[in-house]
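Worksheet: one structure, shown below.
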C-alpha cells in the first residue's frame, strides 16, 4: 500500500541533501584555493624566515622534521576530538581558525630577542599540530560528500586549482620579499605582509568551510579500534598493506626529498631564480596533469594508477646523477611532475576507497602517524648519509641512490598486493601510460589538458564496492 505522506517527504529530503552537497563541493573548491594561497604565502617561507632570524643548520633541520612528526602523532586523537566538539564540521573549522592564528606568534618571535628561535619552533609546531588535527577529520567529511565514482575527477580538478593558487602565491611572496630588500627592519616588514596575507586567506577558507553541509555522522567518544589492533591487522587488510607501502615509500622519498634544494644551491651553485624555475616546473606539471590522472583513476581504478606511478617515480632520484645542466634538470622535473601527480591523486583516493565512513577518521589518523614517522626517519637517515658520504664528489649522490633503491623496494614488495575496491574497466599498464601521455597538451601549459574520452555511464553495479575489499567496515 502506498504511503502518500512518507515517500514524497523522503524524496524531498534526498533532493535537499543533493543540493546541499553540490553547493558544499563548490564551497570546498574555494576553500581549497584560499587554503593553498595560505600555503604559498606562509608555509613556503617558514625556512626563509628562520634563516632571517639567524637559525643554524640544526634548527633548520628540526624545523623541517619535528613539527610534521608531532603533527602526525597527535592525529591519533582525532576521533576523540570529534566527540568533544560534537561534529566534524565544528572540529575542522575550529582547528583551521587556530591554525590561521598561529601566524601571529610566528611573527612575534622576531621581538623576543635571544628566545626568537625557540619561540619560532614552538609556534610552527603549534601551527602544524592544528593543521594535522584538521586533516583526518576533514578527509572523513569530504569522503562522505564526494561520490565514490567521481573522487578522481573531483579531487583532480580541486588539486589543479590548489596547485595554481599555491604557485601564484609563492611567486608573489618571493617578489614581495625581494621588494622589501635585505635590511633587517624592511625585510621583516616583508614577512609581516606575506604572513598576514596567509592568515587572511586561511580565515576566508574557514568561512567557506562553515558554509559546507555535513552529512550525518555517528560521533563516538573513542576510536573504532585501538592503535595496537590496527598494527596487528596491517598485513591482513587491504588498507593495512597500503599503509605499509605508503610508509616505506615515504621513508624512501624523505631520504632524498629535503636535500634537492641544498644540492642545487650549494653544490651546483645555482642562483635563487634558477632554483625557483626548476622547482616550479614540477608544481606546474602536477597542476595540469592531475585531472587527467584523476579521470583515469575513476575509469580504470585507483589501484591501477597507483601501481603504475609507483613503479615510475623511483627512477627520478637516479636521473639527477647524470648531468647538472639546467635544461636537463628541468626535463627531469617535467617527468617527475607527471609521475608524482598520478601517485598523489591515486594515494589520496585509495584512502577513501579502502576505508568505511564510520571508521575512516580512525584509519586515517593511524595511517598518518605511521607515514609521518617514516618521513621523519627518512629525513634523519638521509642527513646522516649525506654528512658521512665519501664515495662521490657531491655528498647528496649517495642519498639519491639509496632513496631510489628504497622506493623500488616499496613498489616491488608492497604495492602489487593491493586490491581494487570498485568494479572498473580493465586496461593494460602500457596502454594506461600511453593514454595519460597522449592526453597531455602538445602546445604548452597555457592550454588545458585534452580530456580523456568521455566515460560511459556506469552501470549500477559499478558503483558498488567489491565484497570483502572494503576494510574495517
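The values are calculated or read from the model by the stated rules, or taken from the named source; none is laboratory data. If you're wondering where the values come from, they're calculated on a predicted model, not measured in any experiment. Because the Cβ atoms are built from the backbone with ideal geometry, glycine has one as well, and the counts that use them run over all protein chains shown.
Structure data summary
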read-out	value
Unique match (being modelled with pLDDT of 90 or more and outside the structural domain of residue 424 (by TED's automatic domain parsing)) among 196, 153	196
The listed residue being modelled with pLDDT of 85 or more and either crowded, with 16+ Cβ neighbours inside 10 Å or not in a loop (DSSP other than H, G, I, E, B) (or both), out of 135, 131, 139	131
Any hit, segment 266-281, residues being under 15 Å from residue 320 (Cα atoms), in contact with a helix residue (DSSP H, G or I) (Cβ under 6 Å, 6 or more places away or on another chain) and modelled with pLDDT under 75	yes
Only listed residue being modelled with pLDDT under 80, assigned to a helix (DSSP H, G or I) and surrounded by 15 or more Cβ atoms within 10 Å (Cβ to Cβ), chosen from 65, 21	65
Residues of segment 35-44 that turn out to be assigned to a helix (DSSP H, G or I) and buried (at least 22 other Cβ atoms within 10 Å of the Cβ), as a count	6
Considering residues of segment 410-427 that are in a helix (DSSP H, G or I) and touching a helix residue (DSSP H, G or I) at 6+ places or on another chain (Cβ under 7 Å) only, the residue farthest from residue 267 (Cα to Cα)	417
Residue 305 vs. criteria surrounded by fewer than 23 Cβ atoms within 10 Å (Cβ to Cβ) and in a helix (DSSP H, G or I)	no
Residues of segment 264-302 classified as surrounded by fewer than 22 Cβ atoms within 10 Å (Cβ to Cβ) and farther than 23 Å from residue 346 by Cα, total	14
Candidate set: segment 252-265, residues that are in contact with a helix residue (DSSP H, G or I) (Cβ under 6 Å, 6 or more places away or on another chain) and closer than 30 Å to residue 421 by Cα; chosen: the one modelled with the lowest pLDDT	254
Counted residues, segment 245-263 - those being closer than 18 Å to residue 309 by Cβ and either surrounded by fewer than 21 Cβ atoms within 10 Å (Cβ to Cβ) or not assigned by TED's automatic domain parsing to the domain that holds residue 345 (or both)	1
Residue within segment 210-225 that is closer than 26 Å to residue 87 by Cα and assigned to a helix (DSSP H, G or I) present	yes
